[in-house]
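Asker: Dropping a structure here in C-alpha cells format, bear with me for questions.
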Ligand SMILES: [Zn+2]
C-alpha cells in the first residue's frame, strides 16, 4: 500500500465537502457509489443513503443498494420514480440531468443543519452538469439564509484519476465494490459479461497490478472477507500507553458504548477488525468460518493523506489497532468524547 495515494494521483481539493457533519450518499448499488459510500462512512459520524428506483431495466441494482446499506447499518431511503421505460436515456444508459435530479431528491431531506450530498462522480465523467463549478453553484442555490451549517456536493472519487483508481481507493477503504451491481442485462441473476457496464468492470481488473502493485487476485481475496489491509490488526501485545488506556476505559464501563464489529481472518494471515461491517451475513454465506461479530468500542481518525488510524477495544478484552497511531492523548480524547456523546 506504500505510495498508493501518489499512484491514485490523489487531489483531495477535488472533493469539495463543506458540511462535514452529515452525509447523504446517493447509493445506486454500483461500484462507484459503493466506494463513495465507504469514503463517507470513514469521514462522517452521520451517514444516510438514498437510492432511486426509476424503473431501471437492471432491477438488481436497487437490491444491491439495499444490501450494502444493511451491511453497514446505514439508513437507506428508496425513492420511486415512475419513469417510462421507453425514454431514450433509459434505454441507452446515457441519462442526462442525473446529477441535478439526484441532488434535488437528496436535498429534500436537508434541514438547516445542512449536509454534504455525496456523489460517486468520477474525474473522467463527461456530462457538463457534473463539472465541479456547476456542482458548487447547485449547492449554493440550495442554501437558505437561516442555515446553521452549509450544504455541499461532495465528490470523493474526483480526488483520484479514473475508475480503476476509484477501485484501488475502494480496496484501501475496504469497500466491497465487487459485491456491487453494474450489469444492465443480467440473465438468471448473473452479470451478462457483455454490456458496457460489464466491460467497464473487466477494464478495472486489466493492468491493475502493473499500476498499483496489487494483483487482482489479491483484491478479490480481501473482498471475499469484506476486508482491507488498512483495517486494524488484533494483537496480544500492545504498547504500554495503549494498555493503560484500555484498562482505564474497560474499568470505566466503556462497553456500555460498544457496537457490533466484524472480526475476520484476513488473507495475509492476520485477524483484523472492520468496524463499518455490522451484518456480514448480508453478503457472506459462510461468515462464521471467516470470522465473527463482536461488541467493541472503536475510535478512529486520519493522521494525513492516506494515513488512517483506528483503535478497537473488544468486549473479550482483545484490542486491535493500526500500524500508525496518533499520540495517546488523541486516542484518549476520542474515547472520552465517544462516552460523552453516548456512542
Ligand atoms: Zn452486463
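Any read-out appearing in this document is the output of simple, stated calculations on the displayed coordinates, not a laboratory observation. None of these values were measured; they are calculated from a predicted model. Please note: Cβ atoms are built from the backbone with ideal geometry, for glycine as well, and neighbour counts cover all protein chains shown.
Asker: Roughly what % of DSSP beta bridges within the chain run antiparallel, to the nearest 5?
Answerer: Details: 26 of 43 bridges.
So the antiparallel bridges amount to about 60 percent of the total.
Asker: Hey, another quick one. For the peptides 102-110, 173-181, what is the packing order when you average, over each peptide's residues, the other Cβ atoms within 10 Å and list the highest mean first?
Answerer: Details: 102-110: 17.6, 173-181: 24.2.
Final packing ranking: 173-181, 102-110.
Asker: What nm value, rounded to one decimal, do you get for the distance between residue 289 and residue 210 when each label is placed 7 Å out toward the C-beta?
Answerer: Simple spin-label model gives 3.6 nm for this pair.
Asker: Taking the Cα centre of each part, how many Å lie between the range 223-249 and the range 309-327?
Answerer: After rounding, the separation between the Cα centres reads 3 Å.
Asker: Measure off 7 Å from each Cα along the Cα-to-Cβ vector at residue 315 and residue 281, then give the distance between these two points in nanometres to one decimal.
Answerer: Result: 1.6 nm between the two label points.
Asker: Can I ask one more? Can you bin the chain into rounded, prolate or oblate? Criterion: square roots of the alpha carbon gyration tensor eigenvalues sorted a ≥ b ≥ c, rounded for a/c under 1.5, prolate for a/b above b/c, oblate for the rest. Working shown, then result.
Answerer: On the way: a/c = 1.77, a/b = 1.38, b/c = 1.28.
Because a/c hits 1.5 or more and a/b exceeds b/c, the chain counts as prolate.
Asker: What is the distance in Å between the Cα centres of the range 103-160 and the range 25-72?
Answerer: That distance is 17 Å.
Asker: Also, I was wondering about something else. Please work out the FRET efficiency for the pair residue 83 and residue 196, using the Cβ-Cβ distance as r and a Förster radius of 25 Å; give the result to the nearest 0.05. Can you show the working numbers first?
Answerer: Details: r = 20 Å, r/R0 = 0.79.
Once rounded, the FRET efficiency stands at 0.80.
Asker: Could you work out the relative contact order of the chain? I mean the mean sequence separation of Cα pairs under 8 Å and 6+ apart, divided by the number of residues, in percent. Walk me through the numbers on the way to the answer.
Answerer: Values: 617 pairs, mean separation 60.6, N = 343.
Relative contact order, the chain: 18 percent.
Asker: What FRET efficiency comes out for residue 185 versus residue 146 if R0 is 45 angstrom and r is the Cβ-Cβ distance? Round to the nearest 0.05.
Answerer: Details: r = 48 Å, r/R0 = 1.06.
Calculated value: 0.40.
Asker: Work out the FRET efficiency for residue 113 and residue 259 from their Cβ-Cβ distance, taking R0 = 25 Å, and round it to the nearest 0.05. Numbers along the way, then the final one.
Answerer: Working: r = 23 Å, r/R0 = 0.92.
About 0.60, to the nearest 0.05.
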